[in-house]
Amino acid sequence: MNDSREEEYDLSDGQRLTVLEGYVATNRNILLVMALIALVGVSVAVTVVVLKFSQPKVIYVEQRDFNSLAKQVEFLETSSERWQGQLSDINAILDSSSASAFKELLLDQEQSYQLHLTALKQGMKDLSRMMPGSRTWLEIYNEKMDLALKQSKARQQQLERLQTKRLSRLAKPLNDE
């Protein structure tokens, strides 16, 4: 053992410098690896911290509260279905009620009346072409027919605005859902 120590001391200055440079290079590589490991560790730590703070805070519902809400939803769904059934029944009653049926008959009658008046007006115009003489009677006749047509159209519009038709139109979209 003494021989190896003596050999170390017997080295020249250049050899000692070479050995020292080898130790320094090794130490530098070790320090570089340790710095890289520390850098990776710091980046992992920063990533974990950022992810932890960026996650939304989730508040979980207790099972008993969830069950209570589920029962309420179920009750509301059955209640809604029941109301939808009643609404369709009411709509059927409204459609078959005598007011709705009577209204439809009156609307059909007004349309028929307007068709009849238009045909009479056209017939008189054709007859006036066949007869010689003045046409003042045709103008008076047309004025009276136009007045009758205007009144018939006003009655038709009034019938169309009646509430029975509006109610059945309102009830149908709810029934379709």
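Between Ala45 and Val19, what FRET efficiency comes out of the Förster formula 1/(1 + (r/R0)^6) with R0 = 35 Å and r the beta carbon distance, rounded to 0.05? Efficiency at R0 = 35 Å is approximately 0.35. Taken over region 14-115, the convex hull of the Cα atoms encloses 245 Å³ per residue. Subtracting the Cα-Cα distance of Phe75 and Ala35 from their residue separation scaled by 0.36 nm leaves 7.9 nm. With a simple spin-label model that places each label point 7 Å from the Cα along the Cα-to-Cβ direction, the separation between Val61 and Trp137 comes to 8.5 nm. Length gained on full extension, Thr26 to Lys150: 33.5 nm, using 0.36 nm per residue less the C-alpha separation.
Every number in this text was worked out from the coordinates using simple rules, so none of it is lab data. None of these values were measured; they are calculated from a predicted model. For neighbour counting, all protein chains shown are included, and Cβ atoms are generated from backbone atoms with ideal geometry for every residue, glycine included.
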